[in-house]
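Data block below; observations after.
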Amino acid sequence: MKIEKNRVVRFHYTVSEPGQPPVETSKDREPLAVLIGHGNIIPGLEDAMLDHVAGDSFEATVGSDQAYGERREGLIQRVPKKHFRETRLQPGQQVVLNSSMGPRAVTVVKVGGTVVDVDLNHPMAGKTLQFQVEIVDVREAEQVEIDHGHVHGEGGTQH
């Protein structure tokens, strides 16, 4: 069965910047399960998966415009230290900041006595990404998954 819109795909991936060591991999855990065509993964990776079938392994290079977008200057924000759970913050550290719009991953830029400067850009913004992908299986999505826009059950969301 080919990967196309409204199909559930379970896959393993390893991602890196071209010529660099891997940043992240799913090889040491269960495969990731996504519903294709509903914006659950970056567009460039989803496009590269189309028409593949279970058992396929391939590489895909995804530009920043089809991944996490371009890096935007001006996304440095000063936040009171009391909003961080971590007690020892260091420049370059990635932490989750609870904001009015929910949890948000940020990168610590500078730590002061009472405030912390954070970068709100995604850590992979502005970067070309190289994916190694292994398709584990492909199935038709259930109507409830299509209605909710995500996978239910094994490897997906339970609710």
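Every number here is computed from the coordinates shown, using simple stated rules; none is lab data. Computed from a predicted model, the values in this text were never measured in an experiment. Reconstructed Cβ throughout: ideal geometry from the backbone, glycine too, with neighbour counts over all protein chains shown.
Among Lys27/Lys81; Lys27/Lys82; Lys5/Lys27, which pairs are too far apart, with a Cα-Cα distance over 31 Å? Write out the running numbers ahead of the final one.
On the way: Lys27/Lys81 36 Å; Lys27/Lys82 37 Å; Lys5/Lys27 25 Å.
Result: Lys27/Lys81; Lys27/Lys82 exceed 31 Å.
Dipole size in debye (nearest 20) for the chain around its Cα centre, Lys and Arg Cβ +1, Asp and Glu Cβ -1? Walk me through the numbers on the way to the answer.
On the way: 17 positive and 23 negative charges, 215 e Å.
Using only the charged Cβ atoms, the result is roughly 1040 debye.
Please sort by residue number the trypsin sites (Lys or Arg not before Pro) in region 58-139 whose DSSP state is loop and whose Cβ has at most 16 other Cβ atoms within 10 Å.
Values: sites: Arg71, Arg72, Arg78, Lys81, Lys82, Arg85, Arg88, Arg104, Lys110, Lys127, Arg139; in loops: Arg71, Arg72, Arg85, Arg88, Lys127.
Here the trypsin sites (Lys or Arg not before Pro) that fit, given the DSSP loop and packing criteria, are Arg71, Arg72, Arg85, Arg88.
Which of (i) 17.1; (ii) 17.6; (iii) 15.5 is the computed Kirkwood radius over Cα pairs in Å for the structure on display?
(ii)
What residue among Leu97, Tyr13, Leu129 has its Cα farthest toward the positive end of the dipole of the chain, where the charges are +1 on Lys, Arg and -1 on Asp, Glu, each on the Cβ?
Leu97
Determine Rg/Rh for region 96-153; Rg is computed over alpha-carbon atoms and Rh is the Kirkwood hydrodynamic estimate from the same atoms.
Working: Rg = 18.6 Å, Rh = 15.8 Å.
Rg/Rh for region 96-153 comes to 1.18.
Tell me what the chain gives for mean residue ellipticity at 222 nm when only DSSP H runs of n ≥ 4 count, each as -39,500 (n - 2.57), the sum divided by the residue total, rounded to 500 deg cm²/dmol. Intermediate values should be presented prior to the final figure.
Details: 2 runs with 13 residues, N = 159.
Helices in the chain give a 222 nm mean residue ellipticity of -2000 deg cm²/dmol.
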